[in-house]
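The structure under discussion appears below in the form of structure tokens.
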Amino acid sequence: MRQKKIIFTIYAMLIFGGMFIFLSIINPLTVYDTDDWLYIYLLRKPIPLPNAWNPTKIFPEIFMPMASYFGAFFIYPLTNNYFFSLTIAHALFGSMIITMYFIEFIILLDKKKNLSSKALIGYSLLFILLHFIAFINRGRDNQHLFSSINLTCFYNYTLSVLINAALVMHFMIFDGVEKLFREVAVLHKLLVLMWGYFAINSNLFSSVVLAAYVGTELLLKLLEEIKNKRFKLIDYCRDNWISLFVIISWLFVNYLESRGGRADNIGKSFAANILSSIVMQWYGIATANIFVTILIILVAVIWSKKQKENRKTALKFIMYVSLSVVYLIMLGAVVDSTYVARSEVLICIYFYVLLAFIACFIEIVEADRKYIRLLLVLLGTIVLLFIMPGRLYRNYNCSNISYEQCQELMNDIIGQFENAKQNGKEELTLVVPKFQTEGNWPLSAEDGYKFAEALYRHKVIDRYITVTEMIPSEEKNKEFGISP
């Protein structure tokens, strides 16, 4: 036991270090568009706000600005580079969440499978690898399961999914929600309650991971009691009250979001968009790495032919995935059907698929070692890297420009504020690159105040300078090499 704790500790340190390097150097997180500039300073109250733009996005709208303030107040004085300091801060926080996610996985694996330390590490590394190659279909600008179109979505979707998925694995380690709360100490209970609070109040797309797990467990218990003719509503509610509380809380969050400010700007033509949402869901799945898909299918077929004992577990995972898919399609039809094709949302499905894949793969390999050779299928990924070779992963900004371009743009924006201050001005006309989009997104022409607020609150400039106007200029595009 002591040896495993040491191994897990080293494993966690290596995962954290590797992810920090990935998110700060290899595929760095960047502050770029006006949504990013807003949420690096706008710290909300940690409670649901029914009349807010996003009534229940508590997790991202608390921790994104908190990480940003940490970068501005503690890292920036050391680096004298505001842009890089924010990258470091968000890479630290993102690495902590991703490490927690992977640690929960290896602990779950250790609890459920009788494996050696070497095998545990091996299967865990396979699990990690699949997250990074799941969407490789060419040699450049691929997505991975921790991708997002900008820093804001990294918090709103990617990290929100991970805290939900990690919580689900934590419940699985204890064989369910009710059993966990019966067995653990009071402090553990409080930590899980806080964890669950942020998970449910993170993002509707992301929290379906938790809802699908809890909902499946409740439904199967209900069906079993009905089948055995011992269902009593009062007893059922008493025995499963914590799970019922989770589901009711999740439904209430859905209700609050439907009444929020953002919901007023979302189309309600559900019937007209449902087909589009289904198509986009399958399009997103179809764009995955073909060799990963082949491997998953092969393992599923072989496992289904050889295993007879774990049908109930298989049914659970089918329900987890099915409930998640149905909800995501319905939510996509209400919000925007293109959301369900994005990797930040598809991870909700792939989490359960990869979890089931690893479990099935372990069982067939333990039964016959020759099946380890199935992993050779993944070598086909190397072939894909020769299709349009270049930068392997898409950058964390919606224009997909380089980290250096983002930094030069931010330094230019800061420079315009500094020049205004040196000239004794209280107001500023901010000049930014021009984009052929409505409102000049991603640097929206009406959002100049976001730059002023962020730089002032983060003490990058020592007095507030009002942005009276934002002027999109093609000269800035040429200066920074940014396509309009």
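Values in this text are rule-based calculations from the coordinates and carry no lab data. Every value quoted in this text rests on a predicted model; they were computed, and no experiment measured them. Virtual Cβ from ideal backbone geometry, glycine too; neighbours counted across all protein chains shown.
When you filter the GluC sites (Glu not before Pro) in segment 290-383 for DSSP loop state and at most 10 other Cβ atoms inside 10 Å of their Cβ, you are left with E309.
Considering the dipole of segment 327-484 built from charges on the beta carbon (Lys and Arg +1, Asp and Glu -1) around the Cα centre, which of I401, P389, S343 is farthest to its positive end? Most positive-ward Cα: P389. A simple charge model with +1 on the Cβ of Lys and Arg, -1 on the Cβ of Asp and Glu and nothing else charged puts the dipole of segment 403-480 at about 240 debye relative to its Cα centre. Ordered by the number of other Cβ atoms lying within 10 Å of each residue's own Cβ, fewest first, D36, D110 fall into the sequence D110, D36. With Cα atoms as the point set, segment 172-215 shows a radius of gyration and Dmax of 11.1, 31 Å. Candidate values [x] 74, 57, 42; [y] 79, 54, 52; [z] 88, 78, 47 were compared with Cα extents along the principal axes in Å computed on the shown model; the agreeing label is [y].
Can you tell me how segment 403-480 classifies by the Cα gyration tensor, rounded, prolate or oblate, using a/c under 1.5 as the rounded cut? Prolate shape, in that a/c is at least 1.5 and a/b is the bigger ratio. Cβ crowding within 10 Å, taken as a proxy for footprinting-reagent exposure, orders L443, L14 from fewest neighbours to most as L14, L443.
Ignoring everything except DSSP H segments at least 4 long, calculate the 222 nm mean residue ellipticity for the chain; use -39,500 (n - 2.57) per segment, divide by total residues, nearest 500. After summing the helix terms and dividing by residue count, I get -20500 deg cm²/dmol.
Cross-link reach is defined here as a Cα-Cα straight distance under 13 Å, omitting same-chain residues fewer than 8 places apart; for K4 the aspartates and glutamates meeting it are D110.
With the Cα gyration tensor of segment 100-255 giving a ≥ b ≥ c as the square roots of its eigenvalues, does the rule (a/c under 1.5 for rounded; else a/b larger than b/c for prolate; else oblate) give rounded, prolate or oblate? Prolate. Taking every C-alpha pair closer than 8 Å and separated by at least 6 residues, the mean separation divided by the residue count of segment 403-480 gives a relative contact order of 40 percent. What is the sum of charges around I461, taking Lys and Arg as +1, Asp and Glu as -1, for the other residues whose C-beta is under 13 Å from the C-beta of I461? Local charge sum for I461: +1.
Tilt of helix 343-367 relative to the longest C-alpha principal axis of the chain, in degrees (0 to 90, nearest 10)? With rounding to tens, the tilt is 30 degrees. Footprinting exposure proxy ranking of C348, C398, fewest other C-beta atoms within 10 angstrom first, gives C398, C348.
Once a ≥ b ≥ c are taken as the square roots of the eigenvalues of the Cα gyration tensor of segment 325-484, is the result rounded (a/c under 1.5), prolate (a/b larger than b/c) or oblate (a/b not larger than b/c)? Prolate, because a/c is 1.5 or more and a/b exceeds b/c. Can you give the angle from 0 to 90° between the axis of helix 2-21 and the longest principal axis of the chain, with both taken from C-alpha atoms, to the nearest 10? Between the helix axis and the principal axis of the chain, the angle is about 30 degrees.
Helix 241-258: angle to the longest alpha-carbon principal axis of the chain, degrees 0 to 90, nearest 10? Roughly 30 degrees between the two axes. The largest-to-smallest principal axis extents of the Cα set in segment 79-140 are 50, 30, 15 Å. Structure note, pairs K5/K179; K421/K459; K306/K370; K179/K229: Cα-Cα distances above 18 angstrom occur for K5/K179; K179/K229.
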